Each structure stands twice: as structure tokens, then as C-alpha cells.
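Derivation of every value follows stated rules applied to the coordinates shown; laboratory data play no part. Just so you know, these numbers come straight off a predicted model, no measurement behind them. Neighbour counts run over all protein chains shown; Cβ positions are idealised from the backbone, glycine included.
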Amino acid sequence: MIIAMPELTPVLKADCQLYFDGQHNRWVLKAPQQLVFPDRLSLMTLQACDGYCSGAQIARSLATFDDLNNVTEFDVLDVLEEFERRGFIAVMMA
């Protein structure tokens, strides 16, 4: 839905938790019966899901980061779409 309607605002669902596991030195995205260890692009995308920025705004912003080599706005929208499909994020009308 995010790719088709990038003006929607993604937010991490209430039953999901994104946190840093200091014992294993990695980020974790935890949801009921799911556990994900996000890569750099996924992590930055999920951290930007604050309920204020639209998918398009997040995509434009992250596509400008130098340390995300050759990442396009479509790549970011694709990550948002995947996490929405898997039930980690919800979308709200802006």
C-alpha cells in the first residue's frame, strides 16, 4: 500500500518493538511470533517511522544518505512495503 500511496504515514505497530541488544551488539525488531535483525537500510527506515513523516518523505530523506550506497527512493518504499506486509508497521492517512 505504501508504494501505491506514498503519502501515507508509516508507524511501528504497538505490539512491535525495535531495540538494540547490547549483549549481542545488534538491533532487533520484535513482534508476536517474529524476530528480525534488520540491515542498515531496514534499520534506518524503521527508525524513521515516527508517525509524522510520510513514506515519500522518508524515502526522499534516506535516498540522500551517503553511507547508503546507491539507495533509491523506490528501495526505501520497497522496505516499507515489506514491513507493512509482514505486519510490523501500520499506515495512517497524513
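Roughly speaking, what is the stretch gain from Lys13 to Arg86, that is 0.36 nm per residue apart minus the C-alpha to C-alpha distance, in nm to one decimal? Don't jump to the answer; show the numbers that get you there.
On the way: separation 73, 0.36 × 73 = 26.28 nm, distance 1.12 nm.
In short, 25.2 nm is gained.
Mean residue ellipticity at 222 nm from the helices of the chain, using -39,500 (n - 2.57) per DSSP H segment of n ≥ 4 over the full residue count, to the nearest 500 deg cm²/dmol?
Value at 222 nm, helices only: -9000 deg cm²/dmol.
Subtract the Cα-Cα distance of Arg60 and Arg40 from 0.36 nm times their separation in residues, and report this length gain in nm to one decimal. Mind dumping the intermediate values first?
Details: separation 20, 0.36 × 20 = 7.20 nm, distance 1.63 nm.
Using 0.36 nm per residue and subtracting the Cα-Cα distance, I get 5.6 nm.
Quick check: pseudo-label points 7 Å beyond the Cα along Cα→Cβ at Asp78 and Met93, how many nm apart are they?
Roughly 3.1 nm, to one decimal.
Along region 33-48, what does the Karplus equation 6.51 cos²θ - 1.76 cosθ + 1.60 (θ = phi - 60°) give for ³J(HN,Hα), rounded to whole Hz, x for Gly and Pro?
Rounded to whole hertz, the list is 6, 9, 9, 10, 10, x, 6, 4, 5, 4, 4, 5, 5, 5, 5, 7.
Using the Karplus curve 6.51 cos²θ - 1.76 cosθ + 1.60 with θ = phi - 60°, what ³J(HN,Hα) values do you get for each residue of region 70-87, in whole Hz, with x for Gly and Pro?
6, 7, 9, 4, 4, 4, 5, 4, 5, 5, 4, 4, 5, 5, 5, 4, 7, x
List, in order, the whole-Hz ³J(HN,Hα) value for each residue of region 8-19 obtained from phi through the Karplus relation with A = 6.51, B = -1.76, C = 1.60 and θ = phi - 60°; use x for Gly and Pro.
Once θ is set to phi - 60°, the couplings for region 8-19 become 5, 9, x, 8, 5, 5, 4, 8, 10, 9, 10, 8 Hz.
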